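To start, the structure under review is shown below, and the notes come after it.
The values are calculated or read from the model by the stated rules, or taken from the named source; none is laboratory data. Worth saying up front: this structure is predicted, and the values here are computed from it rather than measured. Methodologically, a virtual Cβ is constructed for each residue, glycine included, from the backbone with ideal geometry; neighbour enumeration extends over all protein chains shown.
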């Protein structure tokens, strides 16, 4: 995105936040673009709207989290959710076999029903606008695996009827649909996987490829008739040889199909040596790169941990890090602590917005990354 175009877009939107600036004529604004970038005027207006401006923007924006871990949801989760400013999130429901998947979908249906003053079940894009208007949070239910299907395509229809609206084709290991990201082999979609993608498109279930292996990702993008999501991942160009990262050609192919990639907040996925080599700025580097490759309309945000943050949720070296040393292969490069401090707080996406603003993103582009790109995807994939 051309910096001057970003700055002009930002200036034109400033009137919503600073009415006094509306007195400037368009000619004055255009002329200012060619002035010294180090002038106080440009420092204050062209390159950022400042923290107060970003805070106002954030309050009015649609903010959507591409993946929240909702295991052990409780009152503390609700308290944290109220502080995030979220309009919606994708809930990662615990999978397993068909019966367990249905049980956990039912559990979350009941949580939403019993907290209708706070939550809305999201099955269409309109639910997000309704949530924003009513000061509630829209929750889209889905799974990070397809093991619930077994070998039955009919199970997919039953899960859809129970509220599922997104599904990751595989986790890290192979299942009946294809190979996961840490599988020794690199096979693509199975015949059953192709059948499942076709039926997901027909029903209006979002095809997600976050944990899928390289070839399964490629074929999932190519075969799906609808846009796909990579709802929590990162850029392989910036974090080399991590099995969960997506290559530039995959990001571009996903974007060309109309999809959205959520940049994962989980620190050890973003880079090595958390706190020194990998920081909040590194996280935004991944956003920058994904925008460069896929375009501004195809990038979003995602945590991949509880809404409270990992530390507040009680993660310790013993109960979080040690089990993952055997659960995941060494290629996962798990670190302790696993978080970037600013992203482990409920104000995480406000902090991201501030950095985006300082880097010259227009207010409109910031709003797209915060949530509008997700909503465009939902409009194009979900069916009434």
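One residue alone among 15, 50, 20, 88 is within 27 Å of residue 208 (Cβ to Cβ) and either at pLDDT below 50 or surrounded by 14 or more Cβ atoms within 10 Å (Cβ to Cβ) (or both), and that residue is 88.
Filter the stretch 179-203 for residues that are outside any helix (DSSP H, G or I) and in contact (Cβ under 8 Å) with a residue 60 or more places away in the chain and give the result. Correct list: 181, 182.
Counting just the residues of the stretch 204-222 that are within 14 Å of residue 175 (Cβ to Cβ) and assigned to a strand (DSSP E or B), which one comes out farthest from the chain's Cα centre (by Cα)? Ranking the qualifying residues of the stretch 204-222, first place goes to 212. Flag not set for residue 310, criterion: at pLDDT 95 or above, assigned by TED's automatic domain parsing to the domain that holds residue 355, buried (at least 21 other Cβ atoms within 10 Å of the Cβ) and part of a strand (DSSP E or B). Scanning the stretch 76-110 for residues that are over 20 Å from residue 144 (Cα atoms) and assigned to a helix (DSSP H, G or I) gives 76, 77, 78, 79, 80, 81, 82, 83, 84, 110.
Pairs linking a residue in the stretch 107-134 that is farther than 21 Å from residue 80 by Cβ to a residue that is at pLDDT 95 or above and in a helix (DSSP H, G or I), with Cβ atoms under 7 Å and 6 or more positions apart or on different chains, are 125/375; 125/378; 125/379. Note on the stretch 223-238: residues that are more than 15 Å from residue 168 (Cβ to Cβ) and either modelled with pLDDT under 95 or buried (at least 24 other Cβ atoms within 10 Å of the Cβ) (or both) total 2.
In the stretch 346-365 there is at least one residue matching the filter, namely being under 22 Å from residue 228 (Cα atoms), modelled with pLDDT of 95 or more, touching a helix residue (DSSP H, G or I) at 6+ places or on another chain (Cβ under 7 Å) and not in a strand (DSSP E or B). Among the residues of the stretch 256-265, those identified as surrounded by fewer than 23 Cβ atoms within 10 Å (Cβ to Cβ) and at negative phi are 256, 257. In the set (1) crowded, with 16+ Cβ neighbours inside 10 Å; (2) under 20 Å from the mean Cα position of the chain (by Cα); (3) farther than 23 Å from residue 73 by Cβ, residue 360 fails one condition alone, (2). Residue 197 fulfils the conditions (1) in contact with a strand residue (DSSP E or B) (Cβ under 7 Å, 6 or more places away or on another chain); (2) under 20 Å from residue 373 (Cβ atoms) except for a single criterion, (2). For the structure I just gave you, tell me whether residue 216 is assigned by TED's automatic domain parsing to the domain that holds residue 339, crowded, with 23+ Cβ neighbours inside 10 Å and at pLDDT 95 or above. Taking the combined requirement at face value, the residue satisfies it. For the stretch 280-300, the count of residues that are in a strand (DSSP E or B) and under 24 Å from residue 180 (Cβ atoms) is nonzero.
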